[in-house]
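Heads up: the structure comes next, in structure tokens.
The values are calculated or read from the model by the stated rules, or taken from the named source; none is laboratory data. Values in this document were obtained by computation on a predicted structure and should not be read as measured data. Here the Cβ positions follow ideal geometry from the backbone for every residue, glycine too, while neighbour counts run over all protein chains shown. Ligands, DNA and RNA are stripped out before the accessible areas are found, and what is left, the full protein with its side chains, is counted by its heavy atoms. Shrake-Rupley method; radii C 1.70, N 1.55, O 1.52, S 1.80 Å.
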Amino acid sequence: MDAVNKVINEDLQKERDKCKFNVAELTAFLDGGDKFTQKRREKENRVFSIQGLRDAVPDEYMSHKERYENAVRKAVIMHQTLGTLEDKTLTEYETARLALRATTSSAIFKENSPLMLHYSMFANVIEGQGDEKQREYWLKKINNMEIIGTYAQTELGHGTFIRGLETTAEYDPKTEEFVLNSPKLTAYKWWPGGLAHTANHCVVMAHTYSQGKSCGIQPFMVQIRDLETNMPMKGVKLGEIGAKLGFNTVNNGFLGFENHRIPRDRMLMKNSQILKDGTFISSPNSKLTYGTMVYIRVSILGTMANTLGRAVTIATRYAAVRRQSQPKPNEPEPQILDYVTQQHKLFIGIASSHAYYISCFWLWTLYHRVTKELAVGNMDNLAELHALACCLKATTSADAAVLVERCRLACGGHGYMLSSNLPQIYANVTAANTYEGENTVMLLQTARALVKAGMQVAQGQKVSPSMAYLADQSKMAKWDSSVDGIVKGFQKVAAGKVAACLASLQRHTNNGQSAEDAWNLTSVQLVAASEAHARVILLSVFKSEMDVQTLTLSGETRTVLFQLVQLYTIYWALEKVGDLLLPTTTTTYSVSICDTAMRCDGWMDETSLFEKSTIQTSARTGIAGLVLSGLVYDSAVYPELVHQSLTSWPLQ
Ligand SMILES: CCCCCCC/C=C/C(=O)SCCNC(=O)CCNC(=O)[C@H](O)C(C)(C)COP(=O)(O)OP(=O)(O)OC[C@H]1O[C@@H](n2cnc3c(N)ncnc32)[C@H](O)[C@@H]1OP(=O)(O)O
Ligand SMILES: Cc1cc2nc3c(=O)[nH]c(=O)nc-3n(C[C@H](O)[C@H](O)[C@H](O)COP(=O)(O)OP(=O)(O)OC[C@H]3O[C@@H](n4cnc5c(N)ncnc54)[C@H](O)[C@@H]3O)c2cc1C
């Protein structure tokens, strides 16, 4: 550890020496307590000390096949290591939190692993879709790696439209088997991670038929490879889908069936069942089959926090050590971190990483509550969970992709080097805009719920807690530049957009358009309303969680966390200034956003609106210190991170 703590650059040490807040306290806060910081460090130090995880040559100089084989080699080491580090004393929530903060588990190794789907979706779908006997039988095999699996839903012809999936499973009551087929090329499963060579089992989502009738899309546990020879089973065709923008060691593959027979008990029967005689018993809610996707969408907020956190750590460290240009004659070249434009590029990434992290755990809490309710047949809160998971997954992944690319750009030519790791981080983060529900489609799902809530409000009915603000008819007579005031402004914007969508839908149907065409014609506005709702949630949760969670922290630590909340809130107020300036259908503002900038003069200078979006130099040391002091990552892991003193950034 001492070697790892060796400072490699005097600029970094200089920044580090200025730190005024309690790094250990802040690190423990983000980890969930001192004991978790210790556990995380043990895990990270154990993994980082394994020489076998170091590539003999940079993997970009390997062939596609060599990279895959190298990834398998490391996956085995990681499994053996992380397996021994598994702490059975932790709750599921604590384990998830630890994994999220640990740079070793999800981020660097699992994310690009051929076992990624085995860890992320395979176990979860059995947990969520298997009946008690099936869970008992399969989870043991999965957890001790007797079988390796993936989640095979997407097909060549359909990814978004699950009800359009073409893989068929026809029940044969004579043999009490299902016969799986891929009737057309478009029915081939296409994309599942690990499917090409790694997985020997998978959960297949197939259009199921029994007694000549459709039973909808059901999940099936299917063995696709012989456990001894690893060759494809009879009636199973497998292969690799080819090189991609990223994830090139995840081994994404294709899968086709030709009269492949499986026993009846391979249909996962927690929610729906097919009896021996072929009688179909449908699920109380057909969308329970989609449960694993909701689980992953929730976890994607954490993945975005972790991924963006790594990118902004790299870029901010770089900005502390890179010296460039000579704005003041006869003075040394300044650290590029002293340029306000550089701060403007990076500090929002630091704030966003924390906002996603806090929102992830807030949403996890709802997820676990709804999962418990579903277990006793209570579906009341499933729709709200689905709506939140969709818009937050879409918004955080879209923002993270933009901000990671901005981190790359902020490092100039060196950011374009693969050795910076920023291109690889970008390749991974941008995929989250597509997988687990393409972002536009996800935003439109939330828009469905918003339109429904808007109509309920109009009829004086109660709506779900996360949409309750839609019923707030109070006028914002004067712009309030506090965080709470800006959050309220965003609530008015979202409410106005929802109202405008309702008006548009009504106008189109009044003009004779069908409901579906009216929806399509209004879909751009619906996506915007859904994003506005996501902004309300992200901003309000970040603030409200900080209000509650930081009560026991010291003054300096609270200050720096609330500076993040303020930066995040005002950044988005300025990004969405057009929405905030526009009189919405439910609210008009007598004061413009410029007054906000005026009121935030502790933050901003008094010139153009654009310059008001920058962070004064006096605050430069503040936010940079957060990441340079190891807030985003513990300095024990990135010892060369600097501690940056915080100036007293005026709080509103
Ligand atoms: C974290 C690191 C690891 C990452 C690993 C990543 C590897 C990647 C894996 C994958 O990508 S797996 C494949 C993921 N694929 C998808 O996400 C497909 C997206 N499509 C869908 O989810 C659905 O097709 C749809 C878009 C939701 C539409 O479904 P459907 O056509 O059946 O329903 P609708 O008619 O639109 O809506 C009907 C009704 O149902 C409600 N609903 C829809 N989905 C859910 C759900 N998951 N949970 C609860 N409720 C749901 C929907 O809101 C409608 O309700 P009402 O409005 O009628 O009340
Ligand atoms: C890296 C990666 C890993 C993946 N891993 C897996 C995996 O392990 N298992 C698995 O099953 N799948 C996996 N997928 C597939 C992924 O789930 C799908 O790509 C995703 O669901 C999008 O579906 P699609 O590719 O068919 O795109 P499409 O749905 O065809 O989207 C194309 C365009 O059409 C638009 N569109 C589609 N439907 C609508 C609509 N109703 N309204 C408006 N616009 C619409 C979309 O917005 C988008 O702009 C992975 C994908 C990637 C990129």
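So which DSSP H runs in the chain come out at 24 Å plus along the axis (Cα) with average Kyte-Doolittle of at least 0.0? Show your work: numbers first, answer last.
Values: long enough: 64-85 (31 Å, -0.65); 291-321 (46 Å, 0.83); 340-375 (52 Å, 0.21); 382-409 (40 Å, 0.80); 439-458 (28 Å, 0.72); 483-510 (40 Å, 0.25); 515-549 (46 Å, 0.34); 555-575 (29 Å, 0.39).
Taking the DSSP H segments of the chain (at least 24 Å long, mean hydropathy at least 0.0), we get 291-321, 340-375, 382-409, 439-458, 483-510, 515-549, 555-575.
Hey, rough spin-label estimate for ASP226 and ARG54, points 7 angstrom out along Cα→Cβ, what's it come to in nanometres?
4.1 nm
Report the full-extension gain for the segment GLN80 to THR371: residue separation times 0.36 nm, less the Cα-Cα distance, to one decimal in nm.
101.7 nm
Compute for the range 121-283: radius of gyration divided by Kirkwood radius, i.e. Rg/Rh, restricted to C-alpha atoms, rounded to two decimals.
Numbers: Rg = 14.9 Å, Rh = 15.8 Å.
Radius of gyration over Kirkwood radius for the range 121-283 works out to 0.95.
According to a simple spin-label model (label point 7 Å from Cα along Cα-to-Cβ), what is the distance in nm between ALA468 and LYS65?
The two pseudo-label positions are separated by 6.2 nm.
Using modelled amide H (1.01 Å from N, peptide plane; none on Pro or chain starts), what sits under 5 Å from the amide H of TYR209, excluding residues fewer than 5 places away?
Result for TYR209 returns ALA169, GLU170, TYR171, CYS215.
With a point put 7 Å past each Cα toward its Cβ, work out how far LEU275 is from LYS174 in nm, to one decimal.
2.2 nm
Would you calculate a helix-derived [θ] at 222 nm for the chain, using -39,500 (n - 2.57) for each DSSP H run of n ≥ 4 and dividing by the full residue count, to the nearest 500? Write out the running numbers ahead of the final one.
Working: 21 runs with 327 residues, N = 652.
Theoretical 222 nm ellipticity from helices: -16500 deg cm²/dmol.
Quick one: length gained pulling GLN506 to LYS244 fully straight, 0.36 nm per residue minus the C-alpha distance?
Working: separation 262, 0.36 × 262 = 94.32 nm, distance 4.30 nm.
Difference between extended and current length: 90.0 nm.
Could you compute the FRET efficiency for ASN259 and THR91, with r as their C-beta to C-beta distance and R0 at 56 Å, rounded to 0.05?
Working: r = 45 Å, r/R0 = 0.81.
Step by step, r from the Cβ atoms, then E = 0.80.
Given a 1.4 angstrom probe, what's the average accessible area per residue across the chain, in square angstrom?
Dividing the accessible area of the chain by its residue count gives 42 Å².
Alpha carbon centre of the range 188-206 versus the range 365-422: separation in Å?
Cα centres, the range 188-206 to the range 365-422: 24 Å.
Rg/Rh for the chain: what does it come to with C-alpha atoms and Rh from Kirkwood? If you can, show how the numbers build up before the last one.
Numbers: Rg = 25.9 Å, Rh = 26.4 Å.
A ratio of 0.98.
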